[in-house]
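Reviewing the structure listed below.
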Amino acid sequence: MPIDIRQSAPRFPVCPPLHTISLAGHPFRYFRSPLAGAHLPWHSADDLQLCLALPSQARQHLLRQNPYRDATRVIATVSGITTIAPHFMAQGLIEAAADFGLIQGDFEAAYVKGASTALKSMMGDLPPMARLAFALAAFENDGASQ
């Protein structure tokens, strides 16, 4: 009797994005960090590469040669599987893309504004001082204070 792989395949919880923006004409999603404690929002690395219009050869190189790939996670979303990555990885790729003239205008500012909105969403209804403490801890935990 054949095995129905749909029955035996592991099921992953679907992770909804915290916030979605339009970046360079494409949807760009922010997600809650999978790490314990206060952290900055993570992003869909797949979305970022699409928004940057990276050639497929460059995308494949990033997948295989990225020294930080162990810092990424693969998650299930309503629209399918995506790789999420921490804030520092987006910053580095966006800076490199700017240095090579691959992005125009307010790309980085739009990314940062979206990340700020996602962070506010993570903090929910915390009182003002708790929001400040969470944000400071997230920046400290993710090395943004260096």
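Just to be sure before I move on: is residue 50 buried (at least 17 other Cβ atoms within 10 Å of the Cβ) and more than 13 Å from the chain's Cα centre (by Cα) in the structure I sent? Steps first, answer last, please.
On the way: buried (at least 17 other Cβ atoms within 10 Å of the Cβ): yes; more than 13 Å from the chain's Cα centre (by Cα): no.
Taking the combined requirement at face value, the residue does not satisfy it.
Output the residues belonging to the stretch 5-22 that are part of a strand (DSSP E or B) and either closer than 17 Å to residue 121 by Cβ or at pLDDT 95 or above (or both).
Within the stretch 5-22, the subset part of a strand (DSSP E or B) is 14, 19-22.
Residues satisfying the conditions are 19, 20, 21, 22.
Looking only at the stretch 63-78, decide whether some residue is farther than 21 Å from residue 138 by Cα, in contact with a strand residue (DSSP E or B) (Cβ under 9 Å, 6 or more places away or on another chain), part of a strand (DSSP E or B) and free of Cβ contacts under 8 Å to residues at least 24 places away in the same chain. Yes.
Determine whether residue 46 is outside any loop (DSSP other than H, G, I, E, B), at pLDDT 90 or above and among the acidic types (Asp, Glu). Lay out the reasoning, then the answer.
Values: outside any loop (DSSP other than H, G, I, E, B): yes; at pLDDT 90 or above: yes; among the acidic types (Asp, Glu): yes.
Against the criterion (outside any loop (DSSP other than H, G, I, E, B), at pLDDT 90 or above and among the acidic types (Asp, Glu)), residue 46 qualifies.
Tally the residues that are touching a Ser or Thr at 6+ places or on another chain (Cβ under 6 Å) and hydroxyl-bearing (Ser, Thr, Tyr), restricting the search to the stretch 23-52. Residues flagged as touching a Ser or Thr at 6+ places or on another chain (Cβ under 6 Å) and hydroxyl-bearing (Ser, Thr, Tyr) within the stretch 23-52 amount to 1.
A single member of 52, 126 is under 16 Å from residue 40 (Cβ atoms) and hydrophobic (A, V, I, L, M, F, W, C), and it is 126. From the list 104, 57, the one residue that fits, being loosely packed, with under 12 Cβ neighbours inside 10 Å and not in a helix (DSSP H, G or I), is 104. Here is a check on your reading of the model: is residue 98 among the small types (Gly, Ala, Ser), part of a helix (DSSP H, G or I) and within 14 Å of residue 30 (Cβ to Cβ)? No; evaluated as a whole, the condition is false for this residue. One residue stands out in the stretch 57-105 among those that are hydroxyl-bearing (Ser, Thr, Tyr) and at pLDDT 80 or above: the one that is farthest from residue 16 (Cα to Cα), namely 72. Considering the stretch 72-95, and only residues there that are among the small types (Gly, Ala, Ser) and farther than 14 Å from residue 30 by Cβ, the residue that is surrounded by the fewest Cβ atoms within 10 Å (Cβ to Cβ) turns out to be 80.
When only residues in the stretch 36-47 that are under 14 Å from the mean Cα position of the chain (by Cα) and without any contact (Cβ under 8 Å) to a residue 40 or more places away in the chain count, which is surrounded by the most Cβ atoms within 10 Å (Cβ to Cβ)? Steps first, answer last, please.
Here is the first cut: in the stretch 36-47, the residues under 14 Å from the mean Cα position of the chain (by Cα) are 39-47.
After this cut, where a residue has to be without any contact (Cβ under 8 Å) to a residue 40 or more places away in the chain as well, the list is 46-47.
On the way: 46: 20, 47: 22.
Only one residue fits best here, namely 47.
Just one of the numbered conditions (1) of a type outside the set (Asp, Glu); (2) touching a residue at least 60 places away in the same chain (Cβ under 8 Å); (3) in contact with a Gly (Cβ under 9 Å, 6 or more places away or on another chain) is not true of residue 88: (2).
The values are calculated or read from the model by the stated rules, or taken from the named source; none is laboratory data. Just so we're clear, the structure is a prediction, and the values are computed from it rather than from any experiment. So basically every Cβ, Gly included, is an ideal-geometry build from the backbone, and we count neighbours across all protein chains shown.
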